[in-house]
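To start, the structure under review is shown below, and the notes come after it.
Every number here is computed from the coordinates shown, using simple stated rules; none is lab data. Since the model is a prediction, treat every value here as computed from it, not as a measurement. Cβ placement follows ideal geometry from the backbone for every residue including glycine, while neighbour counts extend to all protein chains displayed.
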Amino acid sequence: MFDAGTGCLVVVGAQWGDEGKGKLVDVLAERADVVVRYQGGANAGHTVVIGDSQFILRQIPSGILHPGVVCVVGNGVVLEPETFFGELDELAKRGIDTTGRIWVSDRAHLVLPYHKLLDLASEKSQKLGTTGRGIGPAYEDKYGRRGIRVTDLRRLECARAMLAERVERANRLLELMGSVERASFEEHLALLERLAPRLVPLSADAGLIVHRAVREGRRVLLEGAQGSLLDVDHGTYPYVTSSNTTAGGAAVGAGIGPTLIHHVLGVVKAYTTRVGNGPLPTEAPGPEGEQLRQLGGEFGAVTGRPRRCGWFDATVVRYAARVNGLTGLAVTKLDVLDSFAEIPVCIGYSLPDGLCDEMPAEVELLGQVRPRYDVLPGWQRPTGSARRLSELPDEARAYLDRLEALSGVPVRYVSVGTRRDQIIEVAGGEG
Ligand code: GDP
């Protein structure tokens, strides 16, 4: 996708997250000049395996693992500064030099400890399955126009006054929610005073950096966190995240206009998983679901929570193709299906009063649909060493052809293992 010259490519998850975007971004970042995180907070962990080391990056774009690649945390991100600096320190410990390669948008909002207290208190009553890291309340403050932004750290005196008001408000809310926890103004102030000297030098007009890079013909990769079905507008509301994970959010969250984006790559697992609450029509709750979970290592990268597992759902991916304007698909974890004799693929849904082939807006309705399956033969052979489509078993190729036909989007990459080299790049030009 980056081969035919230059371009600005968005990589989005086209299911409920954890599709393996981290690995795809890692592979593509090798050819990128700039990698940008455009939304989300420290709840989404990208797991990247290099040799024997495993990196989990929550705030820093995984492109940082490639020497020379410039990484940007966009304005659409909510930044948890301690996680961010923890990751920078960990990278330094592992010998990865980040000097001059990481920028944080001065318009990004901060996630502070009081956001976490509010998140935990509200999760007790609302039970949306959040990770409790304060992301939702930080976005609420952003849209409520009372957020504290990176740029505010440039003027600590102003930040101090804002902070006093925000902490007081948070404590009133905590009391209303029946929580015994309280945020401390002094602790928050000390945190900002400690962070400012480190964060301010890394802050910049990130949109300008990205805009210039694209205009200068450099290869820019915009990486999303979570998946399309968790988008606050297009996802299975209210069981969603607090930001726009889809490609439109990439333009807003990176600080560029949509006309600068050339390609949108949707990452999908060869099956489906979901963390947290909310409907998952193709969920396989029995031994097959457990088999997918064990073989795919389907446990949250950050929380360790077991993921719910099921079959590939073409209704979901068709929908994601539409709302993102996908120009290509990357199918990951094909190898996880290696041992199955038969593999069901959901081609659409049924409701008592007829067929339903589009994603319903009502989460209750999605909870009532019954998947209609085509059952495809498995290949029952390992695929992990294939580096071209022609090296895959016929049944695996037929499976991919079916996913492509059902989704209406060409398959550009197939991932067949956790390692960086375990990838098939499908010829066929720009996606
Ligand atoms: P992300 O947030 O979309 O990057 O997804 P996660 O990092 O949470 O989950 C992806 C997991 O799947 C990581 O542990 C990856 O190492 C692993 N993974 C990615 N691609 C493949 C693949 O093709 N096969 C297998 N078996 N594992 C993969």
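Of note:
- Centroid-to-centroid separation of the range 69-106 and the range 187-211 [C-alpha atoms, Å]: 11
- Against the chain, whose longest principal axis comes from its Cα atoms, helix 81-93 is set at around 70 degrees.
- For the range 79-147, the Kirkwood hydrodynamic radius comes to 13.6 Å, computed from all pairs of different C-alpha atoms.
- Whole-Å distance, taken between Cα centres, linking the range 378-431 and the range 107-175: 43
- Over the chain, relative contact order from alpha-carbon pairs under 8 Å, at least 6 apart, %: 20
- Given in Å, the Rg to one decimal and the Dmax to the nearest whole number for the Cα atoms of the range 285-431 are 15.9, 48.
- Of all DSSP-defined beta bridges confined to the chain, some 40% are antiparallel rather than parallel.
- Computed from Cα positions, the angle between helix 314-324 and the longest principal axis of the chain comes to roughly 50 degrees.
- P(r) of the range 260-314 over all Cα-Cα pairs, binned every 5 Å from zero, in whole percent: 5, 18, 26, 22, 12, 6, 6, 3, 1, 0
- Taking a Cβ cut-off of under 14 Å around Ala398, the surrounding Lys, Arg, Asp and Glu residues balance to a net charge of -3, with basic ones at +1 and acidic ones at -1.
- The chain: angle of helix 156-176 to the longest principal axis, Cα-based, in degrees nearest 10: 70
- Net charge dipole size for the range 240-315 [Lys, Arg +1 and Asp, Glu -1 on Cβ; Debye, nearest 20]: 160
- Its Cα centre serving as origin, the chain has a Cβ charge dipole (Lys and Arg +1, Asp and Glu -1) of approximately 800 debye.
- Value of relative contact order over the range 35-133, rounded to a whole percent, pairs C-alpha under 8 Å and six or more apart: 27
- Each eigenvalue of the Cα gyration tensor of the range 24-92, multiplied by 5 and square-rooted, gives one semi-axis; in descending order these are 18, 15, 11 Å.
- Of all DSSP beta bridges confined to the range 268-425, the antiparallel ones make up roughly 75%.
- The range 272-422, dipole about Cα centre (Lys/Arg Cβ +1, Asp/Glu Cβ -1), debye to the nearest 20: 580
- Projecting the Cα atoms of Asn171, Gln126, Leu156 onto the dipole axis of the range 109-199, where Lys and Arg carry +1 and Asp and Glu carry -1 at the beta carbon, places Leu156 farthest toward the positive end.
- Neighbour net charge for Leu355 - beta-carbon separation under 11 angstrom, K R +1, D E -1: -1
- Beyond 18 Å, the tail of the calculated P(r) for the range 297-370 holds 56 percent of the Cα pairs.
- Expressed as a fraction of 2.2 N^0.38 Å, the value expected for a compact globular protein of N residues, the C-alpha radius of gyration of the chain is 0.97.
- Pairs of lysines in the chain whose Cα atoms sit within less than 19 Å of one another amount to 8, provided the residues are eight or more positions apart or on different chains.
- Percent RCO, i.e. relative contact order, over the range 109-199, from Cα pairs under 8 Å lying at least 6 residues apart: 32
- Two-decimal Rg to Rh for the range 40-199 - Kirkwood Rh, Cα set: 0.99
- Evaluated over the range 109-199, the Cα radius of gyration and Dmax, each in Å: 12.9, 38
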